[in-house]
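A.B. asks: Can you read through this structure? Questions will come right after.
The values are calculated or read from the model by the stated rules, or taken from the named source; none is laboratory data. This one's a predicted model, so the numbers in the text were calculated from it and none came from an experiment. All Cβ positions, even for glycine, are placed from backbone atoms using ideal geometry, and neighbour counts span all protein chains on display.
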């Protein structure tokens, strides 16, 4: 279990991580979300002691530096391109293995595991982003650590690579390990993570299970489509039921799907489509982080 | 600690650049040794040729030792591998010491090879021009000791400046420009110039009647200790 307590990081007068506390549970993948500039990477670096910060992070109850071999406690991937471009992939991992007293035989094992065995003796300077990510993942798992902290590991991976990463992480936690992973690929995160930590402008926005996070954004609205939308709208208004026009139908709030279908039956209107609102992680994330973006683009590319 | 040291050596030895720079230094040493001996070999050989070959080689190449040493840490920041290095060790103190040991060991080995090549090239040139080595005044122990100290000082300067500056451009400017400025300041400071940092490091290389006084040696080491302490504190305290 990783326990981050009251992490606070400031640059001058700017607070980039503001008193954040959370737990990364064993046997679970915890997604770490936030808009650009929210402080995700800074939080991860603070947890690892790379950046000085107030607060503390305990790995299985102890600070990382107090563990006998930190690499066997936590594996990290903070930047896909964290390697010397002229040092071969195998030598890059060999350097890391030696630093942690890991047997060198493990280097070829992890290269095979991430599918880079054929380019083991190539210099990674010309690796694609996807290959660089695989090398980064190989480095992270080199010491077979109990915990993984991965900053956007799916960036640049092809669909097969993303699928592999998802399966790999699920297998990884199956033995009681834990994973903290950030990503902007929200559909992937929805498939991958069990718990979510969401931050915006350095502050905690949500810290809960994936399911409850998504449900918290669900309004319970029902989308309905029929042959005469105007008549349906008028009938709903008459019964003081809230609705909004959406696409080629109506989004109705405050009634159940059973009630709405019965109402349509009463009006003798055919049901062309009736569906409870399906909130995705992306919908929930955008709703929860509205106003917490550090950098906001002009809508619709206006200038 | 031993793991960290082994890893630092592997970092150096798995980069082709380390071999290229070493080869360039060796070639320069051979050229300097050969040219100096040839120039002075009209008639009888200058008895100081072998000393001069080594001294001149290091005068020309000493800054390269500092720059190469700085890469031991600068490469880590440039390619962002410092995160791995720090998190794989229990303390930054271990990382700092491991880097000092690796940089100094590598630099000293190369400097001894460079000295040997300079002497060998000069010897071959002398022999080719029909001169005898027996004419040479060559205090090999003193020369190796003083050049060793000189190189040692520059390796540490480069490494420590690397830790402090994290910027190769500023480091190169300092290593190449400051010694020139110090030399130029002789007009103002007269004899006092010998107490400036790079001047004091250069004095470590002098042998015979021009050898540095113990006070000069002490001052050079005080500069190194001060620079090292600053580098250490910044490495421990600053964000990686």
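A.B. asks: If you go through the stretch A:93-125 one residue at a time, how many are more than 7 Å from chain B (Cβ to nearest Cβ), buried (at least 17 other Cβ atoms within 10 Å of the Cβ) and more than 25 Å from residue A:166 (Cβ to Cβ)?
C.D. replies: Of the residues in that region, 3 qualify.
A.B. asks: Considering only residues of the stretch B:203-240 that are within 14 Å of chain A (Cβ to nearest Cβ) and assigned to a helix (DSSP H, G or I), which is farthest from residue B:77 (Cα to Cα)?
C.D. replies: Applying the filter and picking the extreme gives B:233.
A.B. asks: Now, a different point. For the stretch B:46-136, list the helices (runs of 4 or more DSSP H) that sit wholly inside it and hold at least 3 residues that are more than 14 Å from chain A (Cβ to nearest Cβ); which are they?
C.D. replies: Qualifying helices (runs of 4 or more DSSP H): B:49-78, B:92-128.
A.B. asks: Return yes or no: is residue A:264 modelled with pLDDT of 85 or more, closer than 30 Å to residue A:190 by Cα and out of contact with any strand residue (DSSP E or B) (no Cβ under 6 Å at 6 or more places or on another chain)?
C.D. replies: no
A.B. asks: Test each condition in (1) free of Cβ contacts under 8 Å to residues at least 40 places away in the same chain; (2) under 18 Å from residue A:51 (Cβ atoms) for residue B:109 and report the one that comes out false.
C.D. replies: (2)
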